[in-house]
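These notes concern the structure reproduced below.
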Amino acid sequence: MRTSKTFVLVVGTPAFVAAQCPDYLDYAKEVHGPLSSGKYKLAYQRPALECRTFKISGVETRIKQMESIIKDPDLYRLFQNAYPNTLDTAIKWKGYSANNAAEELTFIITGDINAMWLRDSANQMQSYLPLLNASNDPNSIASLYRGVINLQARYLLTSPYCNSFQAPIESKITPAPNPSASNDAVFPKYSNSSVFECKYELDSLAAFLEVSANYYNATGDAAFFGRFSWVRAVENILKVAEDMMTPTYGSNGMVLQSPYTFTRETTRSTETLANDGIGNPTANGTGLIRSAFRPSDDSTIFQFFIPANMMFSAYLSSTAIIMSKLNTTSSTPLAQRMTSLSASLRSAIEAHGTVTHPTYGKIYAFEIDGFGAQTIMDDANIPSLLSAPFLGYPVSEEIYQNTRDLALSATNPYFMRGPVINAVGGPHQGPGFAWPMASIVRILTTNDEKEIVAELGQILGSTAGLGLIHESVNSWNESDWTRQWFSWANGLFGQMILDLAERKPELLATSFQ
């Protein structure tokens, strides 16, 4: 995996290459001044103005406004670096479809990997949701959103089981190689010219619905969804979801054909599926949808992955409203189908996705197989059990609180503890590595002010002076971290700070010196 040595910048529609701009992959590893004046002396990590990949004046205004609200100089520096990170570094290309000059397209890389993940790009855009409003300006957040939705729709129409994609042909960006996937055996087949990796993750389908719902709720622009390929993409999503309810065995015991299979030559069990690519068996009758992989891109142990089913149910419900507004022959039955599946998934989650734990009582399981097996844990990546309310899933408050208590304790095998940061991690980076993303989600899903301040302090002290949110950090060594350039986590941090400015502004006056 690699990134380009130059950035494609966007001014209106045309793109140009700034040859003198450093590769942010290297730039982000270095300390740049001026340092913040607080205890941690955090670096200033924004690229030079001419090297930023997309410029939004409203974002700059909000960053400046927050300077008087965030009293701690280190916390402000972290916000200043992190919040604009996607705009500064990850809008790799923006333009229009070759087949329709009105169809906007936005290609967003995840950061240090030169490909567009459905999940990551939806969440990278969500960071700017507080500033989103209706606009036809091609240099607006609204235009970026429309471009992401249109490009994701294209991907879902060609390879709906895949999770990450190459740049559109219109961009003239050379496809990025993925040596890890070079010998993958995947069904259905896909093209390497358009797909970077093809791990089927239910949350990737949900992410398309999420970014769609976010755009509609902020702008009220229902007409946009009837103009291009959105309806057909939703139809594809529904077909995949319904196909992936297929159990392993028929009523007579015969092994059924799986709609999706995946194997990879690897030394890591989390990078491939058991049973020659079909995964561990799943039972009939749960009403849940299988997911071969988690949002970490790690394989599921038991394929009824509850957080993704929660997310899919929540955003099916919200996007059914959009579908119903289109008032076409196909849109009304599609809206009804979406509403019905959303409700049935919620019932299935509450009936089959809950278990009784000997210490914590009734909780949500992380994964189940329908035969009685279950995985009791949580992972840092979103969707997680911890993030369920943030995703809009209507949790049972008692069950969620019990689940939260377990997830944030040593009973969760992936809750990392140490003097640097205590947070949920996961098998993607392994034991000992906590993910600041999980600390951010913890803040977004609590009203406990002491908890919020404690988590802010730990996040602040875990950047090793670089002033960026890392993917994961060794709980015992702040200098041992992964991914210095991870746009989603940075944007999520900024989104969380803006949320606190609305919910609990007094906490942003806290000193961490």
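Assorted remarks:
- Accessible surface, 1.4 Å probe, highest first, among residues Leu385, Leu157: Leu157, Leu385
- When each of the peptides 164-175, 200-211 is scored by how many other beta carbons lie within 10 Å of its residues on average, the order from highest to lowest is 200-211, 164-175.
- Ligands, DNA and RNA aside, Glu197 has an accessible area near 10 Å² when probed at 1.4 Å.
- The dipole here belongs to the chain: it is taken about the Cα centre, uses +1 on the Cβ of Lys and Arg and -1 on the Cβ of Asp and Glu, and is about 760 debye.
- Prolate/oblate/rounded call for region 395-457, Cα gyration tensor, a/c under 1.5 rounded: oblate
- Toward the positive end of the charge dipole of the chain, with +1 on the Cβ of Lys and Arg and -1 on the Cβ of Asp and Glu, the farthest Cα among Gln80, Asn412, Phe366 is that of Gln80.
- Mean residue ellipticity (222 nm) of the chain, computed from DSSP H runs ≥ 4 via -39,500 (n - 2.57), nearest 500: -11000 deg cm²/dmol
- Size descriptors for region 157-241: radius of gyration and Dmax over Cα atoms are 14.6, 45 Å.
- Ranked by the mean number of other Cβ atoms within 10 Å of their residues, highest first, the peptides 49-59, 288-298, 397-407 come out as 288-298, 397-407, 49-59.
- Packing order of peptides 109-116, 21-28, highest average first: 109-116, 21-28 (average count of other Cβ atoms within 10 Å over each peptide's residues).
- Computed in the context of the full set of protein chains, the accessible area of the chain at 1.4 Å probe radius has 52% of its extent on carbon or sulfur.
- Remark on Thr261: its backbone amide H falls under 5 Å from those of Phe187, a criterion applied only to residues 5 or more positions apart or on other chains, H modelled at 1.01 Å from N.
- In order through region 364-379: 3J(HN,Hα) via Karplus (6.51 cos²θ - 1.76 cosθ + 1.60), integer Hz, x for Gly, Pro: 7, 6, 7, 9, 9, 10, x, 9, x, 7, 8, 10, 10, 5, 9, 10
- Both radii were evaluated on the Cα set of region 263-387; the Rg over Rh quotient, with Rh as the Kirkwood radius, amounts to 1.04.
- Options Leu288, Leu341, Ser204, ranked by Cα towards positive dipole end of region 97-404, top entry (Cβ charges): Leu341
- Taking Cβ atoms as reference points and 11 Å as the exclusive limit, the residues near Ser462 contribute a net charge of -3, counting Lys and Arg as +1 and Asp and Glu as -1.
- Two-site FRET efficiency, Asn183 against Ala274, from Cβ-Cβ distance with R₀ of 22 Å, rounded to 0.05: 0.80
- Glu397-Lys64 FRET efficiency (beta carbon distance; Förster radius 35 Å; 0.05 resolution): 0.35
- Debye equation applied to the C-alpha atoms of the chain, log10 I(q)/I(0) at 0.08 Å⁻¹: -0.47
- Loop-located trypsin sites (Lys or Arg not before Pro) in region 62-151, at most 16 other Cβ atoms within 10 Å (DSSP): Lys71
- Per residue accessible area of the chain, 1.4 Å probe, in Å²: 36
- As a calculated quantity, the FRET efficiency between Ala134 and Val355 at R0 = 51 Å, using C-beta atoms, amounts to about 0.70.
- P(r), alpha carbons of region 229-269 - 5 Å bins starting at zero, rounded %: 5, 18, 16, 15, 16, 15, 10, 5, 0
- When region 203-283 is described by a simple charge dipole with +1 on each Lys and Arg Cβ and -1 on each Asp and Glu Cβ, the residue from Tyr215, Gly279, Phe228 located farthest towards its positive end is Phe228.
The values are calculated or read from the model by the stated rules, or taken from the named source; none is laboratory data. Keep in mind the model is a prediction, meaning the values are calculated, not measured. Ideal geometry is used to build each Cβ from the backbone, glycine not excepted, and the neighbour counts take in all protein chains shown. The protein model used for the area step is the full one, side chains on, heavy atoms only, and it has no ligands, DNA or RNA in it. Shrake-Rupley method; radii C 1.70, N 1.55, O 1.52, S 1.80 Å.
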